[in-house]
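First the structure, in the form of structure tokens, and then the observations on it.
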Amino acid sequence: MSLLENKGNDFASYKSDEVNLKDRLVKQLPSKDVEMLVNAGKLAQNMGVKCYLVGGTVRDLVLKKRCYDIDLTVDGDGLAFAEQFTKFYGKRMKSFAQFGTAFVVLKTGKKIDISTSRTEVYTSPGSLPKVKYGEIEYDLYRRDFTINSMAISVNPEDFGRLLDFHSGVKDLKAKVIRILNDQSFEDDPLRVLRAIRFEQRLGFDIENRTKELMMKSIESNCLKTVSAERVYTELIVSTNKGDAAKFITRLSELGILRQIHKSLYFDELKAEQAKELSKLLEWFVKEYPQDKIEKWYPFHLILFSGLPKDMQTSIAKQLTYPSNFIKSISKIKLFLDKIDSGELKDSTDGELALKLSGLRIEDVLYLLAVVKDDELKSRLRHYLTHSRSVSLSINGHDLLMMGVTLGALIGSILQTLKIQKIDGKISNREDELELAKKMVDDDSDSATNLE
């Protein structure tokens, strides 16, 4: 039994070579992932190199949390290893020679990252590092925090052995976030965002020296040295994992939002909306697991809300948000304008569904979190739970068989039928065909009268 499995988790006499997490790997990881790690270890042994599981998965294994991503580091030629691994176990790979990294898509569809053990030199704050290859000890030292600086061997001779040169396990037990060196935030200011992410996600405290250096970095406007694209990417990752509302609130408290853009803010109202959104997302994901949504998306809509639409889109473009997010800002503004004008007040469920059909599910969840009118909230929820899933039994081919040739007319008839079906006025294929025929006949009569 390894020390980590001992009763009480006493780490007082901790030594990295005493700890083996093989049993925990087998228990916590999906069997396909365990098989993949075993194969990676055998390949590494055959190639005369060492291969390690690294990153957040090691941390989460120690914490007995669910593990998601698989990152491997090779003490040797990581790209050559990745090529051979792809040949035997993968479908395809993409390499980044300048960094000594690659990602491999497995035959199961899962993507894993493979890198060469390396050190990194930052020529200026916020810049991408220059890479030098080195042993695993140096590779782990370049990482952001002690709790993320551990590795697990997957080679057959010591499969499961934990490497912890920087007391990561000790800091996990103490629930603290600690940087590895005093230059850490200066080298990569994005570590400020990561520190806050782990603080909120894990419920840990930022260690005093780390907090002191982090605040010094914030006060020096550290994020101004980082590209907008890297900031955006980190924001997405941080709001996808853990409590997004707490994360963004903390950014606001520390003045970091203003560094990202001077016009961004997150007040008590937005914080309450974000909390409501968290509940809605939990409900929606549980009830509709087949709908794959991007959890970060509606939280960022809340973050951008309260500003003029043109300013929202301008900031989003500056921060390199995707075009669909920018389109959502405009579509939501149009929908909210319809609410304010009273245009939707007397609409049927079918008519409301037509207005909402051009929005993403994430947009509707955002609206559900921020609108104040209880009746509208109920109708938005009804759209998510019922209206959006209503489908017709007939299609354009059926209308063509009736003699309708104009594409615009076909679209108009199908649209009307969909509204009628959502509103419960028709219920089956026979009803749809009957109403469609009546609409076609009425259109023909109108054309005849005009002649």
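Overview of results
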{"read-out": "Cα pair distances of the chain binned at 20 Å [whole percent]", "value": "20, 44, 27, 9, 1"}
{"read-out": "Contour excess over end-to-end distance, with Cα ends at Val105 and Lys275 and 0.36 nm allotted per residue", "value": "57.6 nm"}
{"read-out": "Mean residue ellipticity (222 nm) of the chain, computed from DSSP H runs ≥ 4 via -39,500 (n - 2.57), nearest 500", "value": "-16500 deg cm²/dmol"}
{"read-out": "Qualifying aspartates and glutamates (Cα of each under 14 Å from Cα of Lys421; at least 8 residues distant if same chain)", "value": "Asp349, Glu351, Glu430, Asp431, Glu432, Glu434"}
{"read-out": "The stretch 260-389, relative contact order [Cα under 8 Å, separation at least 6], %", "value": "31"}
{"read-out": "Order by protection proxy (mean Cβ within 10 Å, highest first), peptides 401-407, 346-352", "value": "346-352, 401-407"}
{"read-out": "Dipole of the chain, positive direction: furthest Cα of Thr348, Ser427, Val169, with charges on the beta-carbon", "value": "Val169"}
{"read-out": "Out-of-range pairs (alpha-carbon distance over 27 Å; input Lys327/Lys418; Lys241/Lys327; Lys309/Lys425)", "value": "Lys309/Lys425"}
{"read-out": "In nm, spacing of pseudo-spin labels at Asp267 and Glu282 (7 Å Cα→C-beta vector)", "value": "2.7"}
{"read-out": "³J(HN,Hα), Karplus 6.51/-1.76/1.60, whole Hz, each residue of the stretch 251-260, x for Gly, Pro", "value": "4, 5, 4, 8, x, 6, 4, 5, 6, 5"}
{"read-out": "Highest average packing first - 370-383, 144-157, Cβ atoms within 10 Å", "value": "144-157, 370-383"}
{"read-out": "Average Cα contact separation per residue, the stretch 338-407, under 8 Å, 6 or more apart, as relative contact order %", "value": "28"}
{"read-out": "Förster radius 41 Å - calculated FRET efficiency between Leu409 and Lys91, Cβ distance, rounded to 0.05", "value": "0.35"}
{"read-out": "Integer Hz, Karplus 6.51/-1.76/1.60 couplings in order for the stretch 99-110, x for Gly and Pro", "value": "10, x, 10, 7, 10, 10, 8, 6, 5, 7, x, 6"}
{"read-out": "At R0 = 60 Å, FRET efficiency that the Cβ-Cβ distance of Ser227 and Leu400 yields, to 0.05", "value": "0.70"}
{"read-out": "The chain, relative contact order in percent, only Cα pairs under 8 angstrom and at least six apart counted", "value": "9"}
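A short reminder: the numbers here are calculations on the coordinates, not readings from a lab. Treat the numbers as computed from the prediction; the structure is a model and nothing was measured. FYI the Cβ positions are ideal-geometry reconstructions off the backbone, even for glycines, and counts take in every protein chain you see.
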